[in-house]
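Nothing in this text is a laboratory measurement; each read-out follows from the coordinates by a stated rule. Quantities reported herein were computed from a predicted structural model and do not represent experimental measurements. Cβ sites come from the backbone with ideal geometry, for glycine too, and all protein chains shown count toward neighbours.
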Amino acid sequence: MKFKGKAWKFGENVDTDAIIPARYLNTSDPQELARHCMEDADKEFSKKVQPGDIIVAGKNFGCGSSREHAPISIKAAGVSCVIAPSFARIFYRNAFNMGLPIFECEEAANEIREGDELEVDADSGKIVNLTTGKSYQAHPIPPFMQELIRDGGLIAHILKERKNITSSQMTCDPTGCKVKR
């Protein structure tokens, strides 16, 4: 899997309230959550972000309360992946459960600037800043975790495995998956 997009920079300790403010947790509609993604950090983010773009943040991204809404809102906003030196443990798990790829790489997170064009290879963990030509090495995503991402998250993966169906036979969005009929 490869991801390519423009970098959006955020600081350290971005908590789940900054990712998706609690006032919007009365819905689980991914598109509604996407409209408010990162709203308290950058009011215009959801209007500016383009499909495939990449969030690059400081350490401890996703700290705070445990909510699946945070990675759902990021993914539904069109962000292809997140790069940071470290992630809060519960966000890390929720991200993969929801099918959002994340990469730990301190050097990349520190050096990449907002607006830089990036390419990320999940197989190798290689991050290339296409703007500067510099490469970085993140921890690659293990094959099983890549399968979770390809399947659309943990629930979609379990459905596929239990029903012995392919991902092309399913329809998935950030709120869940169903077998096509």
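Of all lysines in the structure, those lying under 24 Å Cα to Cα from Lys134, and not within fewer than 8 positions of it along the same chain, are Lys2, Lys4, Lys6, Lys9, Lys59, Lys126.
For Ser28, Ser73, Ser80, the sequence from fewest to most other C-beta atoms within 10 Å is Ser28, Ser80, Ser73.
Multiplying the residue separation of Glu44 and Arg93 by 0.36 nm and subtracting their alpha-carbon distance yields 14.9 nm. Just to be sure I understand: of the beta bridges DSSP finds with both ends in the range 61-138, what percent are antiparallel, rounded to 5? Roughly 65 percent of the DSSP beta bridges within the range 61-138 come out antiparallel.
For the range 93-128, the list of trypsin sites (Lys or Arg not before Pro) that fall in a loop by DSSP and count at most 16 other C-beta atoms within 10 angstrom reads Arg113. Here is the list for the range 71-168: GluC sites (Glu not before Pro) lying in DSSP coil, each with at most 12 other C-beta atoms within 10 angstrom of its C-beta, are Glu114. Looking at the chain alone, DSSP beta bridges between its own residues are antiparallel in about 60 percent of cases.
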